[in-house]
Amino acid sequence: MKILIFPDAQTASLETARRIMTRVATMPKAVLGLATGGTMEPVYTALRSAFAQHPMAFSGITTFNLDEYIGLHPDHPQSYHCYMKKHLFAALQLPVARTHLPRGDAPDPDAESARYEDAILQAGGIDLQLLGLGANGHIGFNEPTSSLTSRTRIKTLTRSTVAANARFFSEDERVPDTAITMGIGTILDAKQILLLATGAAKKDAVAKMIEGPLSAACPASALQLHRHATILVDEAAATDLKLRVYYETVHPSGADK
Ligand code: F6R
């Protein structure tokens, strides 16, 4: 694991976007795994600016999102389909056929999960997977106790995740409590992983992911098994790291040596 600590969330987010751009520059037909959530918004803002300067940069990419709420139609404003359209896909003018998310409104979510897993395989697998981190250590919607070898499937969200996601829904709306998510095994199959975590609310999960035992109690700790996982955090999220001095010695100010 490569641990990069940045002074603030904006710097960490810009560096995440820069790394995605670099991957796409060296591999124009890259298959990108994408995440949603508040943490990703500044990353996607930076990618939209990059597109404004290099309109052809993203023309060959294919994308697969991590997850989608069960029961939400792609046109529902809080669906991850809509989130991606709003924050990235529309601005990058990506053809719909090359942007993939699980269908939350599929009549048979189990069959939809299997279809999604197969579509990733058919595309040749994910070259670069972008991840956020839940305050409880989830990646995608793989909540604590998820199998570390799981594949795309239905997951029930914890109460704390439903509560955290409620901020995106209006008061009278029911917040979904199930989702289709790539599994931890699916995520670990990606050739390269970038996880971005910012803010003090993530400090406990960051410390467990990096320095805790490999355990289904902290799904993100599975990244310890990956050979090309880079973790980008800001000061606030790095607070509880015991080996922080070591990480900063190896990568001063987040520099990649
Ligand atoms: C969303 C996803 C989740 C989020 C995580 C952090 O596609 O996969 O794992 O990355 O819940 O969400 P924020 O960034 O809103 O704190």
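The values are calculated or read from the model by the stated rules, or taken from the named source; none is laboratory data. From a predicted model like this one, the values you see are computed outputs, not experimental measurements. All Cβ positions, even for glycine, are placed from backbone atoms using ideal geometry, and neighbour counts span all protein chains on display. With ligands, DNA and RNA removed, areas are computed over all heavy atoms of the protein, side chains included. Shrake-Rupley method; radii C 1.70, N 1.55, O 1.52, S 1.80 Å.
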When Lys and Arg each count +1 and Asp and Glu each count -1, what net charge do the other residues less than 11 Å away from Thr39, Cβ to Cβ, add up to? -1
Skip the ligands, DNA and RNA, and give the accessible area per residue of the range 184-257 with a 1.4 Å probe, whole Å². 45
In nanometres, what is the gap between the two model label sites at Ser49 and Ser253, each 7 Å from Cα along Cα-to-Cβ? 1.8
Beyond 22 Å (Cα-Cα) in this structure, taken from Lys85/Lys191; Lys203/Lys242; Lys155/Lys203; Lys85/Lys208, we find Lys85/Lys191; Lys155/Lys203; Lys85/Lys208
If you average 1/r over all unlike Cα pairs in the chain and invert the result, what Kirkwood radius do you get in angstrom? 18.3
Starting from the residue with the highest accessible area, list Arg244, Arg18, Arg174, Arg103 in decreasing order, probe 1.4 Å. Arg174, Arg18, Arg103, Arg244
Around Ala200 (Cβ within 13 Å, Cβ-to-Cβ, excluding Ala200; K/R +1, D/E -1) the net charge comes to -3
Which one of Leu72, Leu195, Phe58 has its Cα pushed farthest toward the positive end of the charge dipole of the chain, where Lys and Arg give +1 and Asp and Glu give -1 at the Cβ? Phe58
Cα pair distances in the range 70-207, grouped into 10 Å bins until the bin that holds the longest one, percent each: 11, 39, 41, 9, 0
Relative contact order, percent, the chain [alpha-carbon distance under 8 Å, six or more residues apart]: 27
Percent accessible area from carbon and sulfur atoms, the chain, protein chains only, probe 1.4 Å: 57
For the range 2-254, with only Lys/Arg (+1) and Asp/Glu (-1) charged at the beta-carbon, what is the dipole magnitude about the Cα centre, in debye rounded to 20? 680
What is the range 121-211's relative contact order, in percent, from Cα pairs under 8 angstrom and six or more apart in sequence? 44
Gain in span if fully extended, Asp177 to Ser147, counting 0.36 nm per residue against the direct Cα distance: 8.9 nm
Testing the spin-label approximation: label points 7 Å from Cα along Cα→Cβ at Thr22 and Lys2. State their distance in nm. 0.6
Please report the net charge: other residues with Cβ closer than 12 Å to the Cβ of Leu88, K and R +1, D and E -1. +2
Computed [θ] at 222 nm, helices only, for the chain once each DSSP H run of length n ≥ 4 contributes -39500 (n - 2.57): -9000 deg cm²/dmol
Applying the gyration tensor rule to the Cα atoms of the range 65-118 (axes a ≥ b ≥ c; rounded if a/c under 1.5, else prolate if a/b exceeds b/c, else oblate), the class is oblate
